[in-house]
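Report on the following structure.
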Amino acid sequence: MSLLAKLRCVTIDVTGTLMAYKGELGDYYCMAAKAAGHPCPDYKRVHEGFKLAYKEMAKKYPCFGFAAKMPNIVWWKTCVRDSFIRAGYEYDEETFEKIFRRIYASFGSSAPYTVFPDSQPFLRWLRGKGLKVGIVSNAEYRYQDVILPALGLNEGSEWDFGVFSGLEGVEKPNPKIYEIALERAGSIAPEEALHIGDSIRKDYEPAKSIGMHAILLDRFKTPDAEEWRKSGAVVLPDLLAVQEWLSSEKSTC
């Protein structure tokens with residue numbers, strides 16, 4: 001019997017699994033600065049500044065400020081301002097406001113993202129098999145309300161429910177986010193559910209720890225994939241391969 005026949009629910013990660021960032025972070029920061037009448041910031045410095053600023057904000061105010069009841073736009077404004085400062089750019093308040101508004105609007109639209117061509121067909125295939133499909137992502141509310149729909153991944157046609165860290169106050173790799181997903185799917189037993197993602201730490205291990213099945217996606221040929229396989233994980237290159245594997249009589253994970 002294939003694993004597919006035993007499943008009632010499939011949960012799936014977003015970034016790196018269903019979609020990817022298009023271009024570089026610096027592209028959007030550059031366009032925003034130019035629109036405010038300033039030259040492009042240095043791409044590398046801005047990227048490094050952003051990584052440090054994001055890490056600091058995520059540590060201080062996890063889940064996009066959920067516990068602190070911090071508005072989403074305030075969380076991002078603090079992060080973006082700190083990104084520029086760390087990169088060596090300080091703007092007056094009026095200029096920064098213009099730059100930030102453009103950045104915030106860009107990342108709240110479909111512009112910076114690209115959906116992998118196998119994502120929509122795969123999600124529809126799962127739902128066509130009668131499975132509940134859930135999105136599990138360390139993301140803020142705009143992914144659910146704006147970004148995924150703008151990319152053609154809609155609740156009701158591609159997925160049935162979403163569990164987003166910014167709305168739940170819990171994030172991967174905390175296994176609780178997967179428990180919330182199972183409950184939202186209709187109190188489904190872990191052994192009747194599969195999670196698909198691209199991170200062994202955030203996707204594979206926490207899902208397995210509560211008894212779910214799990215598959216790792218390696219779209220970008222990461223050097224770590226061989227170690228993932230050696231640890232016993234099922235690692236596949238794309239969602240088309242996942243569909244074929246799930247339909248196989250030998251599938252088990």
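Looking across segment 194-253, just one residue is under 18 Å from Ala20 (Cα atoms), part of a loop (DSSP other than H, G, I, E, B) and among the β-branched types (Val, Ile, Thr), and that is Thr222.
Applying the condition of being among the hydrophobic types (A, V, I, L, M, F, W, C) and at pLDDT 95 or above to segment 86-104 and asking which residue is farthest from Asp27 (Cα to Cα) yields Phe96.
Are any residues in segment 150-163 over 17 Å from Tyr204 (Cα atoms) and in contact (Cβ under 8 Å) with a residue 24 or more places away in the chain, and if so, which ones? Matches in segment 150-163: Ala150, Leu151, Gly152, Leu153, Ser157, Glu158, Trp159, Asp160, Phe161, Gly162. Taken over segment 54-94, the criterion of being surrounded by fewer than 12 Cβ atoms within 10 Å (Cβ to Cβ), over 17 Å from Asn138 (Cα atoms) and touching a Gly at 6+ places or on another chain (Cβ under 9 Å) is satisfied by Gly88 alone. From the list Asp82, Asp92, Asp118, the one residue that fits, being under 23 Å from Asp203 (Cα atoms) and of a type in the set (Asp, Glu), is Asp118. Residues that are within 15 Å of the chain's Cα centre (by Cα) and in a loop (DSSP other than H, G, I, E, B) within segment 122-153 comprise Asn138, Ala139, Glu140, Leu151, Leu153, listed in sequence order. All conditions in (1) part of a helix (DSSP H, G or I); (2) closer than 13 Å to Glu171 by Cβ hold for Ala67, with the sole exception of (1). Listed by first and then second residue, the pairs with beta-carbon distance under 6 Å, at least 6 apart or on different chains, first residue in segment 94-121 and over 30 Å from Glu244 (Cα atoms), second β-branched (Val, Ile, Thr), are Phe100/Val80; Ile103/Val80; Gly108/Val146.
Does any residue of segment 37-50 turn out to be of a type in the set (A, V, I, L, M, F, W, C), farther than 24 Å from Asp203 by Cβ and surrounded by fewer than 19 Cβ atoms within 10 Å (Cβ to Cβ)? Taking every residue of segment 37-50 in turn, at least one turns out to be of a type in the set (A, V, I, L, M, F, W, C), farther than 24 Å from Asp203 by Cβ and surrounded by fewer than 19 Cβ atoms within 10 Å (Cβ to Cβ). Among the residues that make up segment 171-179, is at least one of them outside any strand (DSSP E or B), of a type outside the set (Asp, Glu), in contact (Cβ under 8 Å) with a residue 40 or more places away in the chain and over 21 Å from Ala20 (Cβ atoms)? Among the residues of segment 171-179, at least one is outside any strand (DSSP E or B), of a type outside the set (Asp, Glu), in contact (Cβ under 8 Å) with a residue 40 or more places away in the chain and over 21 Å from Ala20 (Cβ atoms), which makes the answer yes. Here segment 108-121 is the region considered, the condition is being out of contact with any helix residue (DSSP H, G or I) (no Cβ under 7 Å at 6 or more places or on another chain) and in a helix (DSSP H, G or I), and the residue that is nearest to Met57 (Cα to Cα) is Gln120. The residues on offer are Val235, Val136, Val163, and the sole one that is over 19 Å from Cys9 (Cα atoms) and touching a strand residue (DSSP E or B) at 6+ places or on another chain (Cβ under 9 Å) is Val235. When segment 200-242 is examined, which residues are found to be in contact (Cβ under 8 Å) with a residue 40 or more places away in the chain, open to solvent by 30 Å² or more (accessible area, probe 1.4 Å) and under 18 Å from the mean Cα position of the chain (by Cα)? Lys202, Arg219, Phe220, Asp238, listed by residue number.
The values are calculated or read from the model by the stated rules, or taken from the named source; none is laboratory data. Small disclaimer: the values here were computed from a predicted structure and weren't measured. Here the Cβ is made from the backbone with ideal geometry for all residues, glycine too, and neighbour counts use every protein chain on show. In case anyone asks, the SASA skips ligands and DNA or RNA and just uses the protein heavy atoms, side chains included. Shrake-Rupley method; radii C 1.70, N 1.55, O 1.52, S 1.80 Å.
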